[in-house]
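Taking it in order: structure first as structure tokens, then the write-up.
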There are 2 protein chains.
Amino acid sequence: MGARTVLTKNQTMIEKLQTIVGETHVKTDADSLKIWGCDWTKHYTPAASAIVFPASTEEVQAIVKLANAEKIALVPSGGRTGLSAGAVAAHGEVVVSFDRMNKVLEFLPLDQMVRVQAGVLTGQLQQFAIEQGLYYPVDFASAGSSQIGGNIATNAGGIKVIRYGMTRAWVLGLTVVTGKGDILHLNKGMAKNATGYDLRHLFIGAEGTLGFITEAEIKLERQPRDLRVLVLGMPDFNSIMHVLAAFQARLDLSAFEFFSELALQCVLASGNVARPFPDATPFYVLLEFEALSTAVEEQAMQVFEACMEAGWVQNGVISQSETQARNLWRLREDISETIAKFTPYKNDISVLITHVPAFIADIDAIVQANYPDFNIVWFGHIGDGNLHLNILKPANLSKDEFFDKCQVVNKSVFETVQKYNGSISAEHGVGMTKKPYLGYTRSKEEIAYLQAIKQVFDPNNIINPGKIFDLT
Amino acid sequence: MGARTVLTKNQTMIEKLQTIVGETHVKTDADSLKIWGCDWTKHYTPAASAIVFPASTEEVQAIVKLANAEKIALVPSGGRTGLSAGAVAAHGEVVVSFDRMNKVLEFLPLDQMVRVQAGVLTGQLQQFAIEQGLYYPVDFASAGSSQIGGNIATNAGGIKVIRYGMTRAWVLGLTVVTGKGDILHLNKGMAKNATGYDLRHLFIGAEGTLGFITEAEIKLERQPRDLRVLVLGMPDFNSIMHVLAAFQARLDLSAFEFFSELALQCVLASGNVARPFPDATPFYVLLEFEALSTAVEEQAMQVFEACMEAGWVQNGVISQSETQARNLWRLREDISETIAKFTPYKNDISVLITHVPAFIADIDAIVQANYPDFNIVWFGHIGDGNLHLNILKPANLSKDEFFDKCQVVNKSVFETVQKYNGSISAEHGVGMTKKPYLGYTRSKEEIAYLQAIKQVFDPNNIINPGKIFDLT
């Protein structure tokens, strides 16, 4: 009887959802529940009740009002490329997918601004910008499938942050439906608006726990011109920091990425790209800048030569064409994909740039002392203090044994993050995977304020419950 | 008896404040109460109970705890250059001044970041940056006396927003004491930190109503090089928009300001600067860019010539030296000071750049129809949609008559702002002067969320009560 009641209740709910979005826009088949119930995090078993596909802000609002009335938990779902299980429905939630809200609504050339629905793909937005002779500068590996709403909800970063900042820097306005069911138009696209608390910035990075982002006004930028890519080989980690300082003093860098020889070896093993220069070095840097004039290019060469003379750089190559630039970028961008076969244990952390060398040395020492058979692949956006720590699974360990050991390492990693006042999640969000560790970056008092703010916008704990923190 | 009780209570409070900050750091003399009780807004009579000068975050915390225990209202006070009465103590509050917290605490060259106390002057920070070979790009007329804490609390803008953004863009971290008395270290200077709601951005622009900003981590930037200033004369307002689009497509502008012939006449009357070129035109634009190479300079000249040919520009002059650049800037920067003698009624508003021409035409028509003897001086940061509307007092009207009439105009202005989805305060904040008009920019629902957030951080309504909105 109990089960039957649940089923009946579920049926009623699905009928009500169908009334809102139309019969064909609610899915409950097993395949759909599995596909839309999870993201790129593979640790959780998806267990959604239904997937609903609204077509407008008003339909989203109707769904939220229904959810409040019937106490149904909702999970927002974009391109499902998240790495912290922020969009996973593991507890019978209804998933609200933005796949149908994928339209560019308006373009204002004088404001260099575009208004889009939340389900527009990052790549689609980038392409639209190019067609207007402009540029959307937030870029990362999942741009082809991630949605702008998800980017905003996680304040996505990527490979150009050193010059262009995070997604936050490009959001001029948001339309949201709060957990209470109010439609708010936040900041309405203005560059300047000093009229009380900027709720837009509260929703950016909130991982969909305060409400649904349904539309956004996005700032575009002029296209970069004549990008040059340099790949440099260096003898030790400290040299990277000297080279960063030297280049930054003279050039506007649009990227400053690093990776280790081990990371490079993984990429080379794929057979798709060649070593940038014959001699291996322990570390490599990839940097990018606009060669707006020959003077800028000459300046870059002067800095390079000074770095060679100082012994910070042992080898270097500069792109002479767009194809070469793209190939050099692959040395860095293919790392994630090519280490996947080693079942890496990943962590996305950040500290102030000043603390990076000491932080890396500490972590290396901890792993070395406790798990001498673990190999660490370091790479990341060192120009903004963001490090991707990847521990490769030794061949003789089972997946379960390996992950159990990594959970222990995790604690040491986060303690070290805390020691250096860093972040346990630089750009991947908290979701469910980092939730137990939030206290290493945010204080007890801060977390209490986060929880209180959640209750202001979502008093029934309807929207993405159990993400970032639990309510006590 | 009643009065005596109050006095005694007051005495006790002052003694307790003295215990926290030291005897000499509480002022209650009439002159001090007047000086620290108000800002540049002159409509309110200062009526502070005492001025207290803490020296540390911990002393601020002790003051807030005392205020909560004894239900004393506190008003944060920086350089007191505000134009919306956000830092005015008109109702017997205790003013908390940051004048003693004026130290640069730490500089991290690799992070290009400086940690400062809230009372550091904007100009002091600019100077410190220059001494490190770097640049703090937020700049405005009151930089010499405004404090960084106040800049952050109001998200100050200024003349370089088109390139460098508002103060918000430069704040990497904040230390705050909330209205409840908690010390929070928000974001700790990191470029990337995706660990839940970014409370830092909630405090930026909150006008001190959620708590006190006591310290900040500020990002610095490389110094601009070879700045060129162009002043152009144009036949009508629409030409300004064409010229903006033309230059923006080819150059990275660091300023795009406009002013009317009437504004220019006021500046010329001061006798300190000369007309930029012999012939008067209805409108002028001042734009600035970095001439990083001769190629950039040639590009600027090409755009200028194309604008002349199109009839959008009738005259132009470009700076050939730093002195010339400074003098051209005075044509724009001296406007506020030189119109002061006409007792102008000021409004600081913004709309999307796209809507600026229609918005200005609407306002001109309204004023013309109702007050044909009123002269409007228009100027502002048109590159970011921010307009300063100044109505000059006709000589035959008394100050009171004039301001009464302006209150009526005000309503029409804000209705027009609302029609174009604009902001009733672009960069001056809400404080007390714009409080009655907040609903023209923020919806009823939004304001309810602002009030609820206020109650989360300041449940006893201790910190800057009655600013931005009233609690019902």
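The values are calculated or read from the model by the stated rules, or taken from the named source; none is laboratory data. Bear in mind that the values here come from a model prediction, so they are computed numbers and not experimental data. Neighbour counts are summed over all protein chains in view; Cβ atoms, including those assigned to glycine, are modelled from backbone coordinates with ideal geometry.
Across the stretch B:181-203, which residue is nearest to the chain's Cα centre (by Cα) among those that are more than 7 Å from chain A (Cβ to nearest Cβ), hydrophobic (A, V, I, L, M, F, W, C) and not in a helix (DSSP H, G or I)? Among them, the one singled out is B:Leu186. Of all residues assigned to the stretch A:59-68, at least one qualifies as being surrounded by fewer than 17 Cβ atoms within 10 Å (Cβ to Cβ) and either modelled with pLDDT of 95 or more or closer than 20 Å to A:Ala118 by Cα (or both). Within the stretch B:279-298, if we keep just the residues that are over 16 Å from B:Ala255 (Cβ atoms) and small (Gly, Ala, Ser), the residue that is modelled with the highest pLDDT turns out to be B:Ala280.
Is it the case that B:Tyr449 is part of a helix (DSSP H, G or I), at the interface with chain A (Cβ under 8 Å from one of its Cβ atoms) and hydroxyl-bearing (Ser, Thr, Tyr)? Yes. Within the stretch B:145-180, the set of residues being assigned to a loop (DSSP other than H, G, I, E, B), touching a strand residue (DSSP E or B) at 6+ places or on another chain (Cβ under 9 Å) and either over 15 Å from B:Ala118 (Cα atoms) or of a type in the set (Lys, Arg) (or both) comprises B:Gly157, B:Gly158, B:Ile159, B:Lys160, B:Gly179, B:Lys180.
Mind checking whether some residue in the stretch B:224-232 is within 12 Å of chain A (Cβ to nearest Cβ), under 24 Å from the mean Cα position of the chain (by Cα) and either crowded, with 24+ Cβ neighbours inside 10 Å or under 30 Å from A:Leu438 (Cβ atoms) (or both)? Full working, then the answer.
Quick first cut of the stretch B:224-232, residues within 12 Å of chain A (Cβ to nearest Cβ) only: B:224-226.
Next cut, under 24 Å from the mean Cα position of the chain (by Cα) only: B:224.
Those left that are additionally either crowded, with 24+ Cβ neighbours inside 10 Å or under 30 Å from A:Leu438 (Cβ atoms) (or both): none.
No, the stretch B:224-232 has no match at all.
Looking only at the stretch B:130-169, residues that are more than 16 Å from the chain's Cα centre (by Cα), of a type in the set (D, E, K, R) and within 14 Å of another protein chain (Cβ to nearest Cβ) come to 1 in all. Every test in (1) under 25 Å from B:Glu93 (Cβ atoms); (2) within 13 Å of chain A (Cβ to nearest Cβ); (3) free of Cβ contacts under 8 Å to residues at least 60 places away in the same chain is passed by B:Thr472 save one, and that test is (2). Inclusion of A:Phe374 among residues that are over 16 Å from A:Ser260 (Cβ atoms) and out of contact with any Gly (no Cβ under 7 Å at 6 or more places or on another chain) is not warranted.
So is B:Ile349 touching a residue at least 12 places away in the same chain (Cβ under 8 Å), part of a strand (DSSP E or B) and under 14 Å from B:Gly422 (Cα atoms) or not?
On the way: touching a residue at least 12 places away in the same chain (Cβ under 8 Å): yes; part of a strand (DSSP E or B): yes; under 14 Å from B:Gly422 (Cα atoms): yes.
Considered against the rule, which asks whether it is touching a residue at least 12 places away in the same chain (Cβ under 8 Å), part of a strand (DSSP E or B) and under 14 Å from B:Gly422 (Cα atoms), B:Ile349 comes out as yes.
Looking for something assigned to a loop (DSSP other than H, G, I, E, B), in contact (Cβ under 8 Å) with a residue 12 or more places away in the chain, more than 10 Å from chain B (Cβ to nearest Cβ) and touching a Lys or Arg at 6+ places or on another chain (Cβ under 9 Å) - is there at least one such residue anywhere in the stretch A:211-222? Before you say what the answer is, go through the steps one by one.
First pass over the stretch A:211-222, keeping only residues assigned to a loop (DSSP other than H, G, I, E, B): A:220.
Still in the running and in contact (Cβ under 8 Å) with a residue 12 or more places away in the chain: A:220.
From what's left, more than 10 Å from chain B (Cβ to nearest Cβ): A:220.
Right, trim to touching a Lys or Arg at 6+ places or on another chain (Cβ under 9 Å) and you get none.
Checked against the condition, which is being assigned to a loop (DSSP other than H, G, I, E, B), in contact (Cβ under 8 Å) with a residue 12 or more places away in the chain, more than 10 Å from chain B (Cβ to nearest Cβ) and touching a Lys or Arg at 6+ places or on another chain (Cβ under 9 Å), the stretch A:211-222 yields no hits at all.
Summed over the stretch B:299-319, the residues that are in a loop (DSSP other than H, G, I, E, B) and either modelled with pLDDT under 95 or buried (at least 16 other Cβ atoms within 10 Å of the Cβ) (or both) give a count of 4. Checking each residue in the stretch A:337-359 for being more than 22 Å from A:Leu438 (Cβ to Cβ) and more than 14 Å from chain B (Cβ to nearest Cβ) picks out A:Glu337, A:Thr338, A:Ile339, A:Ala340, A:Lys341, A:Phe342, A:Thr343, A:Pro344.
Select, from A:Phe259, A:Phe212, A:Phe237, the only residue that is within 18 Å of A:Leu328 (Cα to Cα), among the aromatic types (Phe, Trp, Tyr) and in contact with a strand residue (DSSP E or B) (Cβ under 9 Å, 6 or more places away or on another chain).
Numbers: A:Phe212 fails: within 18 Å of A:Leu328 (Cα to Cα); A:Phe237 fails: within 18 Å of A:Leu328 (Cα to Cα).
Matching residue, one of A:Phe259, A:Phe212, A:Phe237: A:Phe259.
Scanning the stretch B:56-85 for residues that are more than 26 Å from B:Trp40 (Cβ to Cβ) and either in contact with a His (Cβ under 6 Å, 6 or more places away or on another chain) or not β-branched (Val, Ile, Thr) (or both) yields B:Ser56, B:Glu58, B:Glu59, B:Gln61, B:Ala62, B:Lys65, B:Leu66, B:Asn68, B:Ala69, B:Glu70, B:Lys71. Among the numbered criteria (1) within 12 Å of chain A (Cβ to nearest Cβ); (2) free of Cβ contacts under 8 Å to residues at least 12 places away in the same chain, which single criterion is violated by B:Gln127? Checking B:Gln127 against (1) within 12 Å of chain A (Cβ to nearest Cβ); (2) free of Cβ contacts under 8 Å to residues at least 12 places away in the same chain, the one that fails is (1). Residues in the stretch B:361-377 that are surrounded by fewer than 20 Cβ atoms within 10 Å (Cβ to Cβ), touching a strand residue (DSSP E or B) at 6+ places or on another chain (Cβ under 7 Å) and within 28 Å of A:Phe107 (Cα to Cα): B:Asp364 alone.
If the condition is being under 25 Å from B:Asp362 (Cβ atoms) and among the aliphatic types (A, V, I, L, M), then the stretch B:387-402 contributes B:Leu387, B:Leu389, B:Ile391, B:Leu392, B:Leu397.
Among the conditions (1) in contact with a Gly (Cβ under 9 Å, 6 or more places away or on another chain); (2) at pLDDT 95 or above, A:Thr41 misses just one, which is (2).
Scanning the stretch A:384-441 for residues that are assigned to a helix (DSSP H, G or I), within 14 Å of another protein chain (Cβ to nearest Cβ) and in contact (Cβ under 8 Å) with a residue 24 or more places away in the chain yields A:Asp384, A:Phe414, A:Val417, A:Lys419, A:Lys435, A:Tyr437, A:Leu438, A:Tyr440. Applying the criterion of being in a loop (DSSP other than H, G, I, E, B) and farther than 19 Å from B:Gly150 by Cα to the residues of the stretch B:51-110, the residue that is nearest to the other protein chains (Cβ to nearest Cβ) is B:Leu110.
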